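J.: Handing you a structure now.
The values are calculated or read from the model by the stated rules, or taken from the named source; none is laboratory data. It should be emphasised that the depicted structure is a prediction, and the values quoted were computed from it without experimental measurement. Cβ coordinates were reconstructed from backbone atoms using ideal geometry, including for glycine residues, and neighbour counts include every protein chain displayed.
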Amino acid sequence: MLIKTAEFLRSVPKHQDCPPADKHEFAFVGRSNVGKSSLINYLTGFAKLAKTSGTPGKTQTINHFLINGTWYLVDLPGYGYARVSQEMRKKWTGMLQDYLEERTNLINTFILVDSRLDPQKIDIEFINWMGLQNLPFSVVFTKTDKLSKSKIAANVAKFKTELLKYWDELPPIFLTSAETGIGKDEILPFIEQNMAHFLPEINQ
Ligand code: GTP
Ligand code: MG
């Protein structure tokens, strides 16, 4: 799929204020600083579309981008950011969960996981929560440029083993790097296929 246009539409704190749910939507979620905004930028080819930062907690609202005038990519705030108050964390998590549960045109959520780390409890809990809600998702390992291929493979294998403690089947898994651009050739066709197979449940 060729991305010709990517337009920032809206940044909102509540799912009720998002653009009309009338187009296919794909969201990016994951721990703060995992690379959600960077992934959106390299997937679309527009380097400054989503705001990125070395400081965790940069994205604090739900951000809609209209792609090719026909579908939405959504940048979400990170979960599990330790340096904000517990009250703020609860607020963000509530906002995220409401959005994920209520957004009827959401086709797939990409859950981003840092490929450098051992399986993190918070990621596994989030994935299991998605499963309990019956929400479709895939897992995207980020920052694969930072470690050797063998170390990445070992970390991915550990993550799969952890998931298989809870799941009979593994979700689709992608390896990415915003530095080298790997993963784009797998994720964009995956989005395209999903758009062909699922109609958004239009509700507004
Ligand atoms: P929040 O909005 O704070 O939740 O963070 P985020 O998940 O959107 O992360 P963001 O894209 O802002 O990236 C965080 C930091 O990681 C930035 O300094 C990026 O440059 C860096 N980064 C993101 N992806 C990659 C990658 O694939 N490789 C490398 N080396 N650095 C990356
Ligand atoms: Mg961000």
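J.: Does at least one position in the stretch 61-74 carry a residue that is surrounded by fewer than 21 Cβ atoms within 10 Å (Cβ to Cβ), within 11 Å of ligand 2 (Cβ to nearest atom) and either in a helix (DSSP H, G or I) or not aromatic (Phe, Trp, Tyr) (or both)?
T.: Looking through the stretch 61-74, at least one residue is surrounded by fewer than 21 Cβ atoms within 10 Å (Cβ to Cβ), within 11 Å of ligand 2 (Cβ to nearest atom) and either in a helix (DSSP H, G or I) or not aromatic (Phe, Trp, Tyr) (or both).
J.: Then there's this: Name the single residue that is farthest from Thr142 (Cα to Cα) among those in the stretch 37-73 being at pLDDT 85 or above and in contact with an Asp or Glu (Cβ under 6 Å, 6 or more places away or on another chain).
T.: Here the answer is Leu66.
J.: Let me ask you something else. Which members of the stretch 124-167 meet the condition of being under 25 Å from Pro189 (Cα atoms) and among the acidic types (Asp, Glu)?
T.: Hit for the stretch 124-167 is Asp145, nothing else.
J.: I need a count of the residues in the stretch 18-57 that are closer than 25 Å to Glu101 by Cβ and more than 12 Å from ligand 1 (Cβ to nearest atom).
T.: Looking only at that region, the number is 10.
J.: If you don't mind, there's one more thing I want to ask. Confirm whether Thr176 is touching a Gly at 6+ places or on another chain (Cβ under 8 Å), within 20 Å of Val74 (Cα to Cα) and polar (S, T, N, Q).
T.: So Thr176 passes the test.
J.: Looking only at residues that are among the hydroxyl-bearing types (Ser, Thr, Tyr) and in contact with a helix residue (DSSP H, G or I) (Cβ under 7 Å, 6 or more places away or on another chain) in the stretch 35-53, which one is farthest from ligand 2 (Cβ to nearest atom)?
T.: Only one residue tops the list, namely Tyr42.
J.: Another question about this same structure. Under the condition of being of a type in the set (Val, Ile, Thr) and surrounded by fewer than 13 Cβ atoms within 10 Å (Cβ to Cβ), which residue from the stretch 150-184 is modelled with the lowest pLDDT?
T.: Ranking the qualifying residues of the stretch 150-184, first place goes to Thr180.
J.: When the residues of the stretch 58-73 are narrowed to those that are among the aromatic types (Phe, Trp, Tyr) and within 12 Å of Asp22 (Cα to Cα), which ends up nearest to ligand 1 (Cβ to nearest atom)?
T.: Ranking the qualifying residues of the stretch 58-73, first place goes to Tyr72.
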